[in-house]
Amino acid sequence: MKKTGEERFLLRNTETDMRLLEFWQWNQSDLLSNALRGTLAEFIVAKAVTATNKMRIEWDAFDLVTPAGIKIEVKSAAYLQSWQQAKNSTISFGIAPAKGWEASTNTYAAEIKRSADVYVFCLLNEKDRSVVNPLNLDQWEFFVLSTEQINQEKGNQKTIGLNSLLKMKPVRTGFLGLAEAVQEVVMK
């Protein structure tokens, strides 16, 4: 069940003044952190394709399922990180095939493969630390490819750099065109 943030911690079966929202603020405020930025990217894509009806499943074989049944894998990268950097990060995304875990059955797939229909590569494209804001959807750029194309062109490759990704001619879009880009890639 989705939480509101107003839930209270209990001590001896009595509500305390500690709220779940405080934990979220303490633990989830660094949106440039690699792990959290990746989860945020999943949420942004989920909102774009109206796939937020279910709660996120941490280790499922793919990240999202649209109402039309399109399975989406979301990958995230950024030039700027939480830590001090001597230079901007090189953009790279993980695309390794894996033995997918099926949350509904608590089992692993028999074969190693890419389980989604579509990959959405999310790039937090801002390079100025003084203005970078992962909540600003205008700072994100999205690249959409079918898993079939990735399989054909990259085989069992584990990562893909931005230049190599661009050579594959993904559908490139901002937030407002993301749902249509996913549909376009599936229809090809």
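The values are calculated or read from the model by the stated rules, or taken from the named source; none is laboratory data. Since this is a predicted model, take the numbers as computed values, not measurements. Heads up, the Cβs are rebuilt from the backbone with ideal geometry, glycines too, and the neighbour counts pull from every protein chain shown. For accessibility, only protein heavy atoms count, side chains too; no ligands or nucleic acids. Shrake-Rupley method; radii C 1.70, N 1.55, O 1.52, S 1.80 Å.
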Note on segment 1-89: C-alpha Rg/Rh, Kirkwood Rh, two decimals, gives 1.07
Quick one: with all protein chains in place, what share of the accessible area of the chain is carbon or sulfur, to the nearest percent (1.4 Å probe)?
-> 52
Per-peptide average of other Cβ atoms within 10 Å, ordering 54-61, 88-95, 3-10, 112-119 highest first = 112-119, 88-95, 54-61, 3-10
In Å², what does the accessible area per residue of segment 58-188 work out to with a 1.4 Å probe?
-> 56
What full-extension length gain, to one decimal in nm, is calculated for residue 159 and residue 128 as 0.36 nm per residue of separation minus the Cα-Cα distance?
-> 8.6 nm
Shape of the chain from its Cα gyration tensor (a ≥ b ≥ c, root eigenvalues): rounded if a/c is under 1.5, otherwise prolate when a/b > b/c, or oblate?
-> oblate
Inter-label distance, nm, simple model (7 Å from Cα along the C-beta direction), residue 28/residue 3 | 0.8
Rounded to the nearest 0.05, what FRET efficiency do residue 180 and residue 152 give with R0 = 35 Å and r taken as the Cβ-Cβ distance? Could you check?
-> 0.90
To the nearest 0.05, what FRET efficiency results for residue 16 and residue 43 with a Förster distance of 35 Å applied to their C-beta separation?
-> 0.75
DSSP bridge orientation in the chain - percent antiparallel, rounded to nearest 5 | 75
According to a simple spin-label model (label point 7 Å from Cα along Cα-to-Cβ), what is the distance in nm between residue 169 and residue 92?
-> 2.8
Residue 49 accessible area, 1.4 Å probe, all protein chains in place, Å² to nearest 10 | 10
Using alpha-carbon positions, the gyration tensor of segment 100-188 gives root eigenvalues a ≥ b ≥ c; with a/c under 1.5 called rounded, otherwise prolate if a/b exceeds b/c, else oblate, the class is prolate
Ordered by residue, what ³J(HN,Hα) values in Hz, to whole numbers, does segment 140-145 give under the Karplus form 6.51 cos²θ - 1.76 cosθ + 1.60, where θ = phi - 60° and Gly and Pro are x?
-> 9, 10, 10, 10, 10, 9
